[in-house]
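Take a look at the structure below.
The values are calculated or read from the model by the stated rules, or taken from the named source; none is laboratory data. Here the structure is a predicted model, which means the values were calculated and not measured. Positions of Cβ are generated from backbone atoms using ideal geometry, with glycine treated the same way; all protein chains shown enter the neighbour counts.
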Amino acid sequence: MTLAIDRTQPENAESTESHGIPAVAGASLRVPLVTGETVGYANLDHAASAPCLDAVRAKVDEFLPWYASVHRGAGFASQVSTKLYERTRDVLRRFVDARRTDTVVFTRNTTDSFNLLARSLPRHTTVIVFDTEHHAALLPWQGPNVRRIPTPRTRLAAVSAVDEALADAPQGPRLVVVTGASNVTGELLPVAEIAAVARKHGARVALDAAQLAPHRRISLRELDVDYVALSGHKLYAPFGAGALIGRADWLRAARPYLAGGGATKLVTEDAVVWNTGPERHEAGSPNTVGVYALGVACETLEQNSAAIENHEQALLTRLRKGLGSIPGCAELRLFDAPVDRVGTVSFVVDGFDPGWLAAVLSAEYGIGVRDGAFCAHIAAKRLIGVTGGDGQQAVRVSLGLGSTEEHVDRVLLALRQIVARGARWEYAKVAGRWAPVGDPRELPPFC
């Protein structure tokens, strides 16, 4: 049996744009196989970094001739850049349905946002966090006041675990950190219910929306959370910007995240007067292009949210049904019962090394997936154990705007073929990663 791929037409012949889904750069990208053929690239790794929206690329190209310094430039181009930079704060407030008094601090990504928040906590703040979080939300909180709790196997038990942890916490400031959607399984956490418990105990809530924001609308007010962190590279704006959005008081009282120009109101020989607004934590020349790109992406996703969710859920149903029919394939899950989820699925296949599987899918089928522990080592190891395995790595397929039915069907057919007959090429580990032996594929000239 051979792989049924149309090798003459662009990969995205079934264009998502025709279904009202925003188009992305690279939709017609073709990649070489070790067999000497080329195929349309099936990007099934959106959870790591999403491709650039065509709308973002177009708007960035339009803006670049006007790019200049912000805030203190007298030139007209500086005024344009400042206007777009500051306007994006309002765009992000609307995107997450923030409160009028919430502040928007531009960062590099979700990791940067949570490190900023961690530096801004009042002294002796108790932090409650599930140990299965992505490292961006797990590692910034250090010290004796951090309580890591295992993620239970039901949503109700997860809420109860937070309730119990807060009840046992000492008096004083308290913060609960929770992800919106797991980057390992795609499952949605009971954020609103956890926030309600936090309110009962007088605690605040920080939401990791890195995996949720690209797929679902977020309302900071409806969820009743205090902070939300997100990343542009997950939101189809891969230009190095992210944001922390939420209550201003802790951020205003904290020492500046970075010391430097832009964060200061006045500097003398003997003292420094720091700004009190979001610029307090935005020292140095900001990533104006990245911030603008993030705003354009958020507006584009917001305008098409219903179509995006329908598109991804249809593909997710198709994917999970197919994976369930592959011998030895076990899907990772946080919760025993089915729950709402975004288009991310991690799995193991009995008898097959996840890194080897990913290498074969790439080299012989033109499919990009993720393998490993996905910067969530505790979660990956624990959930693989639930399946009966003893490893610490899995394969992850993550869907997004660049995904099509053909991509889903191709990865399912490829997995069936690999399980049935193995690989057509020889593979070996190179610097700890599986790779084709004597890989004949050439990188593009610009590499």
Of the residues Val159, Val129, Val205, only one is closer than 18 Å to Asp97 by Cα and modelled with pLDDT of 95 or more; which?
Val205
Sole residue being at pLDDT below 95 and over 17 Å from Arg93 (Cβ atoms), chosen from Lys265, Lys200
Lys265
Filter the range 418-436 down to the residues that are within 27 Å of Ile326 (Cα to Cα) and among the aliphatic types (A, V, I, L, M) and list them by number.
Ile418, Val419, Ala420, Ala423, Ala428, Ala435
Does Gly372 satisfy being at pLDDT 95 or above, surrounded by fewer than 21 Cβ atoms within 10 Å (Cβ to Cβ), under 30 Å from Glu309 (Cβ atoms) and not β-branched (Val, Ile, Thr)?
yes
Members of the range 132-156 that are surrounded by 15 or more Cβ atoms within 10 Å (Cβ to Cβ) and either small (Gly, Ala, Ser) or in contact with a strand residue (DSSP E or B) (Cβ under 8 Å, 6 or more places away or on another chain) (or both)
Glu133, His134, Ala136, Ala137, Leu138, Trp141, Asn145, Val146, Arg147, Arg148, Ile149, Thr151
Among the residues of the range 171-194, how many are within 19 Å of the chain's Cα centre (by Cα), closer than 26 Å to Gln142 by Cα, surrounded by fewer than 24 Cβ atoms within 10 Å (Cβ to Cβ) and not hydrophobic (A, V, I, L, M, F, W, C)?
2
In the range 175-196, anything of a type outside the set (Val, Ile, Thr) and closer than 20 Å to His135 by Cα is listed as Leu175, Gly180, Ala181, Ser182, Asn183, Gly186, Glu187, Leu188, Leu189, Pro190
Somewhere in the range 77-97, is a residue surrounded by fewer than 15 Cβ atoms within 10 Å (Cβ to Cβ), of a type outside the set (Val, Ile, Thr) and at pLDDT below 95?
no
Give me the residue from the range 22-40 that is touching a residue at least 24 places away in the same chain (Cβ under 8 Å) and closer than 14 Å to Leu401 by Cα and, out of that set, surrounded by the most Cβ atoms within 10 Å (Cβ to Cβ).
Val24
In the range 115-132, anything in a helix (DSSP H, G or I), among the hydrophobic types (A, V, I, L, M, F, W, C) and either farther than 21 Å from Val197 by Cβ or touching a Lys or Arg at 6+ places or on another chain (Cβ under 7 Å) (or both) is listed as Leu116, Ala118
Tally, over the range 47-72, of residues that are more than 20 Å from the chain's Cα centre (by Cα) and not aliphatic (A, V, I, L, M)
10
If a residue has to be modelled with pLDDT of 95 or more, more than 19 Å from Trp66 (Cα to Cα) and among the β-branched types (Val, Ile, Thr) to count, how many in the range 273-308 make the cut?
3
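Across the range 195-217, what is the number of residues that are within 16 Å of the chain's Cα centre (by Cα) and either in the same structural domain as Ala376 (by TED's automatic domain parsing) or more than 19 Å from Thr111 (Cα to Cα) (or both)?
Here the count works out to 3.
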Within the set of pairs 6 or more residues apart or between chains, which connect a residue that is part of a helix (DSSP H, G or I) inside the range 362-375 to a residue that is of a type in the set (A, V, I, L, M) and at pLDDT 95 or above with Cβ atoms less than 7 Å apart?
Ala363/Leu33; Ala363/Val34; Glu364/Leu33; Glu364/Val34; Glu364/Ala423; Tyr365/Ala414
Just name the residue that is nearest to the chain's Cα centre (by Cα) out of those in the range 334-354 that are surrounded by fewer than 19 Cβ atoms within 10 Å (Cβ to Cβ) and at negative phi.
Asp340
Say whether the condition of being within 24 Å of Arg382 (Cα to Cα) and without any contact (Cβ under 8 Å) to a residue 12 or more places away in the chain is met by at least one residue in the range 337-354.
yes
Which of (1) surrounded by fewer than 24 Cβ atoms within 10 Å (Cβ to Cβ); (2) touching a strand residue (DSSP E or B) at 6+ places or on another chain (Cβ under 9 Å) is the odd one out, the single condition Val395 does not satisfy?
(1)
